[in-house]
Each structure stands twice: as C-alpha cells, then as structure tokens.
1. If each DSSP helix of 4+ residues adds -39,500 (n - 2.57) and the sum is divided by the residues in chain A, what number results at 222 nm, nearest 500 deg cm²/dmol?
2. I need the per residue convex hull volume for the stretch B:84-143, using only the alpha carbons, in cubic angstrom as a whole number.
3. Is there a simple number for the mean count of other chain Cβ atoms within 10 Å of the Cβ of residues in C:103-110, and what is it?
4. Just tell me how shielded C:78-91 is by partners: mean number of partner chain Cβ atoms within 10 Å of each residue's Cβ, no decimals.
5. By how many degrees, between 0 and 90 and to the nearest 10, does the Cα long axis of helix A:142-164 differ from the longest principal axis of chain A?
6. Is it possible to state the helix-based mean residue ellipticity at 222 nm for chain C, with each DSSP H run of 4+ residues giving -39500 (n - 2.57), the sum divided by total residues, to the nearest 500 deg cm²/dmol? What is it?
7. So how compact is chain A: Cα radius of gyration and Dmax in angstrom?
8. How much length is gained on full extension from residue A:7 to residue A:149, taking 0.36 nm per residue of separation minus their Cα-Cα distance?
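Quick note: the coordinates plus some simple rules give every number you see, no bench work behind them. Note that the structure is predicted; figures quoted are calculated from it, not measured. Quick reminder, even Gly has a Cβ in these numbers, built from the backbone with ideal geometry, and neighbours come from all protein chains shown.
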C-alpha cells in the first residue's frame, strides 16, 4: 500500500517538477541574461492557461489549441518586452520588482474583465482522461503521464538548444557575461526579445498542461511564481541545468512532503498534533530547503555566473 | 514645524467634520489609513532609509495582528498585554528572519525575505484552531481599562492618531540621532561604512527589528480595527501592497509611508466605489496598477518627491 | 608593526597573491609598487580584512588578526583608503569625516539625541578637514568636489579613524601633476605630525611620490614580492628594473 502511494507521489512530484522547470527555465534566463526580476512571469503562465481554454473552446481540440496558445502567449510576451520591460533592464531591482508587480495587478484585472471572475474549465484531452496501468500493477492517470512525457521532451529540447546550437551558445554567453556578448556583436535587443518570448511560450505550455489539474483562475500565477523563484534560487540564477535540478527537487520535495509527512506524523504523534503540524511543515518544507541551500551554497547549486 | 501643527490640527478636526456631515463611514476609513500609514512608515525605515528591499514585511504586520486575535479569542483582551505581546512577537520574528536574511544580499535577500514571509503565512494557515484559511474573528476590541471604550469610533480614531504621531516622532528622532546617520551611511556606501569601523550587520539587523516591531504594532491595530484577522495579511501580495504605498509616497522620504498609504487607500476607495469593510483581499482595480507603473517608471521619488526637493540626508 | 608571512590568495584558477612575506616597521612609510595586476590591491584587501586570506599569517602590533572582521581591524588601528574613490557621496564633506569620527567615539546605538547637537564630533571632524586642506569645502556635498579634493577626502576618512597604520591605495590615482603634488604634500604633513606619527603602507604608481615619501620600498610582480629594500637600492636592483621600473626611473 505505502509502496504504491510512494510511487504515485513520486510520479506526481516528477510531473509537477517538470512543469515547474518550464516556468523556472524562462525565469532564470531572463534573470541571468537581462538581470531582471520579473514578477509578471506568473501572469504569463496564467494568460497561457486562459488562452488555452479559449482556443480549446474555439477549435474543439486540445492538441490543436496547444500550439495556438503557445504562439499567442509568446506574442504577448514579446509585445510586453518591447513596449515595457525593455525599459527596466537598466533599473535597480526594487524598481523592477515594483513595476512587474504593477503588471501582475494589471494583467489580473484584464483577465478578470475579459474572462470574468470565475475560474474556467479546461479539460484534459479526450483519450487521456482515464488511468493507465503501469508495470507492477499500479494505475496512474494517463494525462499526468502525458505531462511527464511532454515536460521531459521539452527539457531535452531545451538542453540541445542551449548547449548544442549557436543561439544557445549566445544565450549562455549572455547569461555569464552580458558585456562580452554585446562586444562580440550579438544583437542584444533581438536576443532579449527572443529569450523573453521563449520564456513566455514555456509558461504557456506549463499553464496549458497544468490547467486540467489545477484550476484556471485569476491569481494562479502568483502561487506558482514563488515556487519558480525558489527553484531558481536553489538551482542558481542563469543556469538551465540548475533550473532543471532545482525544479525536480522542489517538485518532489513539495509533492511528497505534502502527501507523506502528514501520514508519517500521524504515526508518530497524536492526531491533534499531526493535523496541525503536518500540513504546516509540509508547506514550508521547500522554503526550509531554499534557506538551507542559501546557507551552504549562496550562489545556488549550479551558478551560471563566475 | 508649522506645517506639522496644521496637519495635526486637520487630523484632529477630521472626525468632528465627518460627524457634522453625518458621514461616519469616513471616520473608520481614515482610521484605516492611519494604521496603514504606520505600517508603511515602518517599511520605509527598512527600505527607504536602510536600503533593504524586504519583500516579507507583511509577515510582521500579520503576526502582530494574529497575536492580538489569538489572545482575544483566548480571553486576553487587555491592551496592556495584547499589544506589547504583538510588538514583541513581531520583533522576535524580525530578529530571526533578519539575522538569517541579512547574510545574503541583492536579489537573494529579496527572495529569502519573501520565502520566510510565506513560511509564516503557511504556519498561520495551518492553525486550524485559530481559523486557518478562513481567518479569525475577534470577540471584542482590546480593552485599555480606565473606562475607555475603544468600540467608540471617535475614541478609536484619536487613539490610533496619537499612536501614529508618537511612532512618527520616534522615527524622526531616530533618523536624526547617531543610529539614523549610520543607517544612512550604510545605505550610501556599505563598504566604506565597514572600512571606517562600523559593524554593518548589527546596525542593519537592529533597523530591521525596529521596523518589524512597528509593523507589529500596526498589525495589532488593524486586528482591532476590522475585528478580523486572516492569513492573507501575511501574504506576499500584502507585502507588495505595503511596498506600493512606500514607493507611491516616496522611498526614503520621511512622509513617504503616510502619504503613500493615504493615496493608495483613497485611490482604492475611489476606484472600487464601495465602502471597505475590513476587506483583506483588496480588490485591486486596473487603474491602481497603471498608476503604480507610471509612478515607478517616471517618478521614482514618489509623490513626496514631487513636492519637496531632496536635501542631503544630514 | 605589521607582519605578513606567506600570504596567498587565489580566485578560482588565478593566483593573485603568492606567498608574500612583508613587514612594516612602526613609524615608517613603506611603499608597495609593481605593475598593474601584480596583486597589490588584493594584498591591501587581505590586510584590511575586506578579503579573506587563503593561507598565511597576518600580525598587527604583535597580535594575529587573521579571523578579525574588517570593522574590528579598524578599531584596532588599521585603516585603508581606496584606489577608486569610495566616499559618502550624498553627505557633505564635514559629515563624511564626522561619520568616521563618530564610529570611534562612543556607541552609535543611540536613538534619541540629535547628532547635530554633538559639537565635539564636528569640531574634531573639522580639524581633520584642516589637515587635509578641505576646510573651505566643509558644507559642500562631497559628490560635487573636484577629483583631487575627493581623493583628499578619501584619505581624510581613513585618517579620521585615528589609525596606527594607514593603508593608502594609490592616493594619487587619476590625478594630474599639480594635484599629485598636493597629495604628496598632504601625506608628508600627515607623516610629520608631531603628536601622533602615522605608519603608512603606500601602494603607488607615481614614482615621484614613491621616491619622495618612502623609507622602504617593496616590489610585487605577478603576486610575488620580489624585493624589499631602501629606495636607492631598489632603484639599482637588476631584477626590479627588468620586471618593472625600466624607463620609469627617470631622475
């Protein structure tokens, strides 16, 4: 019984971690290359989910709507970058925090105006609504497996993009030393816009895929944003590899902590204590993890910058 | 000096004017503004004067509120116990969080203060005995004894006003005393401050704790004002709101906190169109976000900065 | 007064300071010269405490200061000035120095009494301004000062801490000939003060300043100390001439 629970939760953690990676990758790139804290990153995630829901409704097909949502969100991201965020690169972090925080407020209201204040439905595609039998006899939601597959595929793609292509090399150069990259003649402005649009598309993918699992509602961006920040702080700012490791770590610790800690506590302490302490401790587990990493490795696990 | 006298006079006359016009709602609204003015002023100390971008300030505000709430529910509603307790707990939280966070700098500092605040948020969410996610209603306002009834809106307003005035006066003295100078020097050039012999970490930590303690007092007041506490008081969105107040009013300007609180809450009142009755999940409207964006981009010294030219700190 | 034994510092793969032995005698002016990138500023950082040292011993006034944080070293009498001007730009000239005086005169954990009332503090600060020649600019915001004046303030800040050993990192950096002469004169006034003779470890590129001020000269090249001797001997040292001085030994 516990073996299956453990396996199920690890798969859930893996799934959540991979989606977190999509968010964290874009966030860490923007932070590492443009040295900009972007609190509105979570808003792109939310916009992606909402656009996905609308496209599904319009086209009737999940898989048709997905690329549309990605492209649309990427365009939104690019537009934001060109008109507004570009002005923030040279400013101090506090200004960036406040400006992008204002952006969160604005996008939340815009979404509320366009789609209404209620959360909206986004369903898993037909064909993936049922469970699948895994080797060993365990049944697991097929949709969640699909998420794992998509997440892993994108991770591999990103890895190739960043390490094996010329564009990726420019991105990595920019992450470790912006001045050098400029001196090398890279069109920094276009690179930045491209990076931002890519980040937005990744957010949209995460939002679209997690939509059927979590609710699609205003404010969904904030809750996952802070997790993404924890991921990149743990992983190291500017590092894709760090974002990957960090995201898996956070995804697994958070998911398994929430599921298993209360059970462990119930076995060890009185039900009174367990019902209060269990959820509290599991919620703060990842923050404890982040604090621990910061104490021993203040630059994160895989710092991109020297 | 004269300006301040005028300001105090206006503040004292305000409830009487409202009473004359029969507009009682605005007395409560003004009290709320005063409380947030205190909270914003406390953030301004650590952010504007200390240069520490703390994104977890709401944790101290909310902790103070919760202490009052929990004590009230447990039957302890004396002002003389509950409020010092709120301040003490908030100060202690600030001591622990500050001691750990101030070992980092830059964006890591921002993130770690944010994370700690979220930790405290979740701690209070998980306290099912005290309402958990739904929050906690206070059975009564704090009782100061001496026959003073704080449920009277007028009395309550004047008490809050007196406390705000006291806090602002203390801050004023602090900023012009040796401690304030050192904090200003540290913000200006931390490396050199160390190089002339100041133990910078200790000063920053103390500044952080003082700021947290004041926020705790403001929290105790808000709990009394609305008669309700909820974990959303500690949420990082609330921290962001306090930051917005400070930036709107003017970071590092003495009146930045109060001005920003007044402006933001008034804007919110105007834009949301409906009377606020202890609504913690502030329903931000689009224009507020836009105004904030414009201020941040084009008037980084905030509103107080537009009014007065910045003079040398000393 | 200051004794360094086998001091090293690496940054990743780069060895910035490599096994340096150095001593500074009480009351002397000891110049530290060498080409750019020789490790001089790194060494100063290690002595002052802003950089941790990887290995080796540092003894100040007979006591090891290895674990001591920078602000405690300042309290012990070891102060530095910076090669790139590092002052409190938005403060006035007088307030800059007053801050340094304040640091060593009583506790600054004081929250009530306005500093403006502490006339003693400002009188002391003013006398330091007179020593560095900035008394006429006491009310000016320091960022408005000319470069040479800012460099003087730079030294003044370190001086205000009443150091026993003053680490001056290229005080004439970025100065034209006239300003340099004034800085040299300033330093000469400092070291010839009757009341309290300040020992100086002077990092410099300006050879004129070095040969006019130094009692002894140490030469650093690529992180290593290659010679320590009296100025005339250094002038004639073959290795030093090869590595560094070359045509710079004009007259």
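1. -26000 deg cm²/dmol
2. 100 Å³
3. Taking the mean over all residues of the peptide, I get 5.
4. So the per-residue partner count for this stretch is 4.
5. 30 degrees
6. Using -39500 (n - 2.57) per qualifying helix, the result is -9500 deg cm²/dmol.
7. 19.7, 65
8. Between residue A:7 and residue A:149, full extension yields an extra 49.4 nm.
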